[in-house]
Every structure is written in C-alpha cells, then in structure tokens.
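Asks: Got a structure for you, questions after.
Read the figures in this text as sums done on the coordinates, not as results from a lab. No experiment lies behind these values; they were computed from the predicted model shown. Neighbour counts run over all protein chains shown; Cβ positions are idealised from the backbone, glycine included.
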Amino acid sequence: MKDTALPGPTGIAQLRYLRRAFREPQPVLDELRNDFGPVCRFGFGPAKMAIVGDPAALKELFATSSGSFRWGHKFNVLGFVVGDTSMIVSDGPDHRRRRSSVQSAFSRRRLNGWIPMILEQTDRTVDALLAGPAAPGGTVDLAPIARSLVLAVTVRAFFGGRFATRADEIGDLFERPQAYLESPALRQLPHPFPFTARSRVRADRRMLDSIIDAEIATLRQSEADDPLDILGTLVGGVTLTDHEIRDQVVTLIGAGYNTTAASLSWMLWRAVLEPGTWKSLRAEADEVLGLPDTDTSAADFATLGRLELAERVMRETLRLHPAGVVAPREAATDVRLGGRVIPKGTLILWSSYLAGRDPQAWPDPLRFDPDRFRDPTPQQAAIIDTAWVPFGHGARNCIGFALAQMELTLMIARLAQRLDVTTTASKPPPPVGMVVNRPAGGTNMNVNQRDSAPTGLGGVR
Ligand code: HEM
C-alpha cells in the first residue's frame, strides 16, 4: 500500500490553532479531530506537528522501537527545569540506564509498604480540613488541599519521614517552574538575564538541589538499611552519579505531584456529581477499611484490590480527564502509522485525551460511567487496553503509573468515607492547562464531617 500524507489545516487556519493550542488544548484537539480525523498534522517548518489520538494508531506508535523517536529534542523545554540528565529528556542507552535505576525503586514491595502511609496522610488532611476555618459545612477549594496531600505522600515516599516538615517548602519550589512551563513559548526562550521569570526558576532549582544534595550527603554517611524511600535506594545503587540522582528526583517530584493532584481534583468533581457514587464509595470503604477509626496500619495490596469501585472511578476519571492531554516525542526517522507517514523531524503529540473519548472505542464517550471497567469481556478488555492510555505504554510509559493509581484509589475511598461533600454546580468545570490538565477555577465544594451511619461491618483484612 502506498503511504499517504496526514490531513490537516492549511494557511492562516494553522496559526489560529497554534495560538489557541497553548491556552485551551482540549477544544483545539476536539476541533482538529472533528475536521481532520484522529491522526492529523498542523504547524509548519521547524514547528510541524502530528496529532495521534486514534487508539489503533497509538497501539502501533507504542509498538514502534523507541530508537525511531527522540525525547531530547529542540522543543523539550522540560530540561531547563528537570535538568539535562533527567530521564524525561534522555534517549538511547542513557535513558535506559537512568530509567532502570529509578524503576528498581518502584518495586512491588516498596509500593505495598506505602499503602498505610497514604491512608494516614489522607486522614491527617481530613482532620486539618475539619479543624479549619471553613468547616463545618463551608465552601472550600479542595484543589490546593489535594495538592498538599499528594505532596505530603510524595515527599514521604521519596525522602522518608525525615523531610516531612519540609513538604510545603519543596512544593513551593515547584510552583514557579510549573507556572513558567505553562507560560507562552516566547517567554521560555533561553537567556542568561537576571531578575526575570527564567532566572527565578533557576534559583528555585538551585535551592532544590541544595536540599537534595544535603540529603544525599547524609545518606552516604549512614549505613544503608533497606530503605523504603526512593532517594535512599538511588544513593545505595551504583549506576547513577549524584548529579543524575538529583535530576531524577526533581523529575519524579515534578512529573508526579501536580499530575496526581489534578487527577484527584477531577475525581472529586466526578464522584460528587455522579448521583449515588459518593455514598457507594463510602459503603465500599467501610466494608474494606473498617469504620474510620479502625487501625489501617496493616492495609496492603489485598486491601487495595478490594476497593474495586474506587479503582473504577479512578480509571473512568482518567479516561475523560488524563493529566497530560498530549505527550510529545520527535520522529527521529519517518514513522509509518496505518499507511500514513509522519516525516522525520515532526513533533508527534500523542493524545490520551482523544483516545479516551474515541467514539469507536467507548459507547456514549462523554458519559461518566465507571461500569465500563466492570467485568469486561475479552473483546472489551482489548479495546480498553488500546484506548485507555493516560500513562502511555511501552518503554517510555509513565514510571509512576502504579504509585499514582494506588494513591488516587486510596485517597478517594478515604475521603468519601470521612467527609460529606456537596456542590451546587451541575457539571464539572472546563479544563485548563497544557502541561497539566486541571479543572478551571479550582474545586470549590461544601465540606462537612461525615454524618451518615456506618455502612459496613468489615475492616482491614
Ligand atoms: C495521574 C498521574 C499521572 C499521569 C496521568 C501520568 C502520565 C504520564 C504520561 C502520559 C507520560 C508520558 C509517556 C510517554 O511519553 O509515552 C509520563 C511519563 C513519566 N511520568 Fe507520569 N503520570 C502521572 C504520575 C506520575 C508519578 C506519580 C510519577 C513519579 C512518581 C511520574 C513520573 C513520570 C516519569 C519520570 C515519566 C517519564 C518516563 C520516561 O521518559 O521514561 N508520573 N507520565
């Protein structure tokens, strides 16, 4: 079969798409798909891009050798924040070495060990919320609260309890870089000038480095004792230099914290708005975790596996609201997908957002329905496998996918168990954000201590 070029807008229409793409990427993606299909191109010259949002094409893309793509390309602005040795901007053997060193830190045993800590941190967040000025019954923006919770878990997982009191300080050092990465491309052009947004981001990074360096030095002096935290594992390994360790730690926090927090915000919107879901989540959590004052220090993967509705709510939320609407990679060679050719040098923006809303894969795709993931037939499971890709697939998939899913499932279960949450809104807010897709205007909700009678008789077993 002869290869054909990708369809896409031409002339001045391209500029209109480009200008809007950074402010409101989701409507632009929807329009491009409606007008040109789920695999199309836009942009020109050195800024030529291809959108890939068709599940079958994505399956091919993920199966193509990673040597056909480059992540350390000219448009990858992340390197300025996460460092030049970050796995996210690395290719070839360097990427494999850096990624595999970090991968060993996400062992099943270590993830299992974090489960009670995630529940405990969620409890602390709820306690602080109920003691706060807006409670009881007041309106609270739950988005920053979700961020603090995810950050507290992230800092403990990465640095153990030692850094617990510095979580907010570390979070603050990520806020400015995050905002900078979302700013217009022109503001992100490299330059050495002081008193600018770029120089302030550089200063934040220096401060983060000094915190991590001090911790690496402490760990090097102490006997490694089977650490449960990620930094201890990296320092105990022999494959990464201290410079590389620092860049991977900043990468992991940067890639993992706002993405998971935004997903928790979307989950709150969906679980609170979908009739009956909050109550059902509560009943399940009562059954699996026991009533809120039950000791959960023995909770483990078996416990997590029984939070079956919470997991489906998490999956359905990420289908509709993946934290990254597109993920970039550059074609290092001509890439062929389903008879279409994407020329070498094109920036490929593959989209879990488009795949998650693909009308061929998902009946009534815009409806929130966690039952899509309940007892799928083998045929449905195969469709889910190709069209549910919020974490990607293959050699460059999200390294934190298991941690993120575990956090979100446990957190929504515990929040539903301990809080009555309502909203006067009738639908979720529109999305905002190119780097991290989050609800515009925050997550304002009325929050109260749980009022209803116990629903379950179970406990952590
Ligand atoms: C809901 C939360 C999250 C979502 C939706 C998400 C999604 C993604 C996606 C789509 C990619 C790109 C895959 C590709 O380009 O093919 C990615 C990469 C990555 N993610 Fe996540 N992520 C989440 C949470 C996390 C967490 C918690 C961590 C770390 C603790 C993390 C660390 C990373 C890293 C390091 C990469 C780059 C991997 C590589 O280049 O080899 N992410 N993530």
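Asks: Mind checking which of Val150, Pro133, Ser100 is farthest towards the positive end of segment 94-160's charge dipole, using Cβ charges of +1 (Lys, Arg) and -1 (Asp, Glu) about the Cα centre?
Replies: Ser100
Asks: For segment 142-184, with only Lys/Arg (+1) and Asp/Glu (-1) charged at the beta-carbon, what is the dipole magnitude about the Cα centre, in debye rounded to 20? Walk me through the intermediate numbers first.
Replies: Details: 5 positive and 5 negative charges, 43 e Å.
Dipole of segment 142-184, to the nearest 20 debye: 200 debye.
Asks: Here's another thing I want to ask about it. In debye, nearest 20: dipole of segment 16-85 around its Cα centre with unit charges on the Cβ of K, R (+) and D, E (-)?
Replies: Dipole of segment 16-85, to the nearest 20 debye: 260 debye.
Asks: Once phi is turned into θ = phi - 60°, what whole-Hz ³J(HN,Hα) does the Karplus curve with 6.51, -1.76 and 1.60 give for every residue of segment 189-195, x standing for Gly and Pro?
Replies: Values, residue by residue: 5, x, 6, x, 6, x, 6 Hz.
Asks: Something else: What is the distance in Å between the Cα centroid of segment 90-145 and that of segment 247-274?
Replies: 9 Å
Asks: While we're looking at this one, here's another question. By counting other Cβ atoms within 10 Å of each Cβ, how are Ser65, Ser426 ranked from fewest to most?
Replies: Ser426, Ser65
Asks: Name the residue from Phe373, Ala57, Gly441 whose Cα lies farthest towards the positive end of the charge dipole of the chain, charges +1 on Cβ of Lys and Arg and -1 on Cβ of Asp and Glu.
Replies: With unit charges placed on the Cβ atoms, the residue in question is Ala57.
Asks: So for segment 1-142, averaging the separation of alpha carbon pairs under 8 Å that are six or more residues apart and normalising by length, what relative contact order in percent results?
Replies: The value is 12 percent.
Asks: In terms of modelled amide H atoms, which long-range or inter-chain residues lie less than 5 Å from the amide H of Arg340?
Replies: Answer set, sorted by chain and number: Thr4.
Asks: Then there's this: Taking neighbour Cβ counts within 10 Å as the exposure measure, how do Val335, Val77, Val52 sort from fewest upward?
Replies: Fewest-to-most ranking of Val335, Val77, Val52: Val77, Val335, Val52.
Asks: Please report the orientation-averaged projected area of the chain, defined via the convex hull of its C-alpha atoms, in nm².
Replies: Spelled out: convex hull of the Cα atoms, projected over all directions, averaged, 23.2 nm².
Asks: Got a sec? Charge dipole of the chain, +1 on Cβ for Lys and Arg, -1 for Asp and Glu; which of Leu347, Leu6, Leu208 is way out at the positive end?
Replies: Leu6
Asks: Using unit Cβ charges (K, R positive; D, E negative) and no other charged atoms, how large, in debye to the nearest 20, is the dipole of the chain about its Cα centre?
Replies: The dipole of the chain has a size of about 1520 debye.
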